[in-house]
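Everything below concerns the one structure shown next.
The values are calculated or read from the model by the stated rules, or taken from the named source; none is laboratory data. Just so it is clear, the model here is predicted, and its values are computed rather than measured. Backbone-built Cβ (ideal geometry, glycine too); neighbour counts: all protein chains shown.
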Amino acid sequence: MSYELGILGAGNMAEAIARGAIDAGVLNVDGLIVADPSAERKAVFEKMGATVAPSNVDVIERAKRLLVAVKPQVFAALGEQVRLIDADQQLVISIMAGVSSDAILQALGGRGRVIRVMPNTPLQVGQGASAIAMAGDATDDDRAFALELFGAAGIAEVVEEASIDAVTALSGSGPAYVFYLAEAMTEAGEKLGLSPMLANKLARQTLLGAATLLTRSGEAAGELRRRVTSPGGTTQAACEHLEAQSVKQHVIDAMAKAEARSKELGQ
């Protein structure tokens with residue numbers, strides 16, 4: 001096993017993880033081997049400098065650790081290929097949504113070193129949020145590697161696997177909620193008379209600025225909101241309308257729906 005990390009499934013998320021780790025010095029590109037059926041995706045990793053293998057089996061046989069980044073239905077179809085993984089020697093890191101560690105361990109033959117991760121798409125710009133759950137015989141060294149690997153492109157936190165569905169609802173699906181808000185703000189700006197280009201530009205910068213302020217200030221979101229809400233002012237008028245429409249509760253309910261769906265997918 002001459003490669004530090006083997007990747008099964010060279011999609012956008014796998015690329016983001018690999019680039020972040022290489023840029024941060026967590027991985028050397030010479031220690032990366034990848035397999036994917038898409039010639040286009042293989043070309044991306046070849047250009048990066050990684051070794052592109054002819055098959056999943058080749059990756060499994062040559063890598064110390066495996067990042068499983070295929071779609072859940074593809075994993076189920078791998079069948080006997082998965083049984084080639086050495087349960088004692090190889091760590092399996094999965095970013096497959098809805099696939100439990102128990103299901104992975106079962107595919108491995110009932111035992112193994114497994115870490116399940118719920119990342120999110122901002123990994124692609126080095127601002128990801130990833131939750132890491134240990135399973136099977138995974139070691140402290142395995143945990144440290146996973147934290148480095150995913151922390152290289154954002155933040156990474158260790159959680160119990162029972163919390164993965166809640167993480168999915170919050171940070172996994174969370175970027176879509178922000179994009180939804182950006183859509184609404186842009187559309188509102190246009191209806192108020194701004195050009196589409198200006199409305200879009202202002203909405204994007206406002207979300208970026210607010211997120212940066214929230215992150216750097218260390219203050220609670222509610223406190224920052226109160227500070228910019230002058231009594232009787234425009235922001236208060238808007239926030240009172242949001243409260244009257246129970247927007248906060250609708251967000252809470254929506255996340256509960258996302259968590260429930262995550263649990264359904266994992267059954």
Does G218 qualify as being modelled with pLDDT under 95, under 24 Å from I155 (Cβ atoms) and either in the same structural domain as A131 (by TED's automatic domain parsing) or not acidic (D, E) (or both)?
yes
G189 being free of Cβ contacts under 8 Å to residues at least 60 places away in the same chain, over 21 Å from Q127 (Cβ atoms), small (G, A, S) and surrounded by 14 or more Cβ atoms within 10 Å (Cβ to Cβ)
yes
Determine, yes or no, whether E190 is acidic (D, E), more than 30 Å from I104 (Cβ to Cβ), in contact with a helix residue (DSSP H, G or I) (Cβ under 6 Å, 6 or more places away or on another chain) and in a helix (DSSP H, G or I).
yes
Would you mind stating whether D30 is over 22 Å from P122 (Cβ atoms), in contact with a strand residue (DSSP E or B) (Cβ under 9 Å, 6 or more places away or on another chain), among the acidic types (D, E) and buried (at least 18 other Cβ atoms within 10 Å of the Cβ)?
no
Only residues that are touching a residue at least 40 places away in the same chain (Cβ under 8 Å) and either in contact with an Asp or Glu (Cβ under 8 Å, 6 or more places away or on another chain) or among the acidic types (D, E) (or both): list them for region 57-87, please.
E61, A63, K64, R65, A87
Could you tell me how many of the residues in region 10-40 are under 16 Å from F150 (Cβ atoms) and either part of a loop (DSSP other than H, G, I, E, B) or of a type in the set (G, A, S) (or both)?
10
Restricting the search to region 104-124, which residues are of a type outside the set (S, T, N, Q) and in contact (Cβ under 8 Å) with a residue 60 or more places away in the chain?
P119, L123
Scan region 236-250 and give yes if some residue there is loosely packed, with under 10 Cβ neighbours inside 10 Å, assigned to a helix (DSSP H, G or I) and either modelled with pLDDT of 95 or more or of a type in the set (G, A, S) (or both), otherwise no.
yes
Please determine whether any residue of region 131-146 is assigned by TED's automatic domain parsing to the domain that holds A18, in contact (Cβ under 8 Å) with a residue 40 or more places away in the chain, in a helix (DSSP H, G or I) and over 27 Å from S38 (Cα atoms).
yes
Taking I155 as the residue in question, decide whether it is farther than 25 Å from R216 by Cβ, in the same structural domain as A24 (by TED's automatic domain parsing) and either surrounded by fewer than 21 Cβ atoms within 10 Å (Cβ to Cβ) or β-branched (V, I, T) (or both).
no
I'm told A129 meets every condition in (1) modelled with pLDDT of 95 or more; (2) under 15 Å from L66 (Cα atoms) except one. Can you identify the failing condition by its number?
(2)
Out of the residues in region 94-109 that are small (G, A, S) and in a loop (DSSP other than H, G, I, E, B), state the one that is surrounded by the most Cβ atoms within 10 Å (Cβ to Cβ).
S100
Can you find, within region 147-171, the residue that is nearest to E4 (Cα to Cα) among those that are in contact with an Asp or Glu (Cβ under 9 Å, 6 or more places away or on another chain) and in a loop (DSSP other than H, G, I, E, B)?
A152
Evaluation of D137 against (1) modelled with pLDDT under 95; (2) loosely packed, with under 14 Cβ neighbours inside 10 Å (one fails), failing number:
(2)
Qualifying positions in region 110-134 - under 14 Å from I93 (Cα atoms) and either surrounded by 22 or more Cβ atoms within 10 Å (Cβ to Cβ) or within 13 Å of the chain's Cα centre (by Cα) (or both):
G112, R113, V114, I115, R116, V117, M118, P119, S130, A131, I132, A133
